[in-house]
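Down below is the structure, laid out as structure tokens.
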Amino acid sequence: MATEMIPEPYQKKSFRRFSAAIDIDQLRAEYQSIDEDEWYASYWGDIHCSVGMLLLRGGNTGAQEDFYCDDVHDHPLLERLDYIRSLLGDDGPFGQAKYAFIFRMRPNGVTLVHRDTIERWHQMYRIHVPIQTNPDAFLISSNRSQHFAAGSAWSFDNQTRHGVVNGPEERVHLIMDVDWNDRLKSAVEQSEVLPGESVQQHIDAIHSKERAVPSYFGDPVILSGIRRLRARGLNQDQIVQFFNQKNVPTKSYFSKRWTADMITEIEQASA
């Protein structure tokens, strides 16, 4: 069955604040229950910088395509996140989410300006539910800035040129991509459209790589690099040194430097 296109009167706008009630305490409690070793790292190039990514619903290859693939799975972790699962379900405030993930951004991080150009995203709303934020965290769309406050769900037109600047604290959002459906239609009808404001400092930040910290390249890319280096005769310690000299992003959100254990883990996972 073909995905229904978003009708003209309901096209995405920057910015929408939905009226759906969000239990922020329950949302934060479930987020805090996630162990660090349960996070799935996935590559998103040098655009979505400074972020750690936890895929809840999507593919399972550990690559960028997990976020928009056709072969979609619920990751096991979602089974015990009852409240988050309810937000993503048929009976949730927006109807069934096709994809879902959590992005967390380092303090003072930045996502560089870009468009979401994949055709699949023209057929769905991207909805943000802030879990942790700070007053200096803004999403910039078409050179207009809007803070997404916790306690509400938000959306914007992700086909516009957009980026993110974060303030001095970690920014964490639950993000879901939802195909057009009756529940989403009702939510859009009851939403409020906010214009945002023009902030030149934000515009400058999302066009500059000065604060950009690339995300993890993904297991397949790293494994390929390890194998090439081993073919050149490098041992474990030399591969670690090479990755650190090249500032290759690590799989762990909080770890800045590679160790031998990290190399071993990736090689063993592929065995």
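Given the criterion free of Cβ contacts under 8 Å to residues at least 12 places away in the same chain, surrounded by 11 or more Cβ atoms within 10 Å (Cβ to Cβ) and over 23 Å from ILE34 (Cα atoms), identify the matching residue among LEU229, LEU223, LEU234.
One residue alone meets the criteria, LEU234.
Can you find even one residue in the range 62-82 that is within 14 Å of VAL129 (Cβ to Cβ) and buried (at least 19 other Cβ atoms within 10 Å of the Cβ)?
For the range 62-82, residues within 14 Å of VAL129 (Cβ to Cβ) and buried (at least 19 other Cβ atoms within 10 Å of the Cβ): present.
Conditions: (1) under 30 Å from ALA20 (Cα atoms); (2) of a type outside the set (Lys, Arg); (3) surrounded by fewer than 16 Cβ atoms within 10 Å (Cβ to Cβ). TRP180 meets all but one. Number of the miss?
Against the list (1) under 30 Å from ALA20 (Cα atoms); (2) of a type outside the set (Lys, Arg); (3) surrounded by fewer than 16 Cβ atoms within 10 Å (Cβ to Cβ), TRP180 comes up short only on (3).
Could you say whether any residue in the range 123-141 is among the hydroxyl-bearing types (Ser, Thr, Tyr) and modelled with pLDDT under 95?
no
Taking the range 203-218 as the region of interest, how many residues are exposed (fewer than 12 other Cβ atoms within 10 Å of the Cβ) and part of a helix (DSSP H, G or I)?
1
Within the range 42-60, is there a residue that is of a type outside the set (S, T, N, Q), out of contact with any strand residue (DSSP E or B) (no Cβ under 8 Å at 6 or more places or on another chain), under 26 Å from ARG211 (Cβ atoms) and not in a strand (DSSP E or B)?
Within the range 42-60 (the criterion being of a type outside the set (S, T, N, Q), out of contact with any strand residue (DSSP E or B) (no Cβ under 8 Å at 6 or more places or on another chain), under 26 Å from ARG211 (Cβ atoms) and not in a strand (DSSP E or B)), the answer is yes, since at least one residue qualifies.
Name the strands (runs of 3 or more DSSP E) wholly inside the range 86-202 in which the number of residues that are under 17 Å from the mean Cα position of the chain (by Cα) and closer than 23 Å to GLU65 by Cβ is 3 or more.
In the range 86-202, the matching strands (runs of 3 or more DSSP E) lie at 97-105, 110-114, 124-132, 162-165, 171-179.
The values are calculated or read from the model by the stated rules, or taken from the named source; none is laboratory data. The structure displayed is predicted, hence computed values, not measured ones. So basically every Cβ, Gly included, is an ideal-geometry build from the backbone, and we count neighbours across all protein chains shown.
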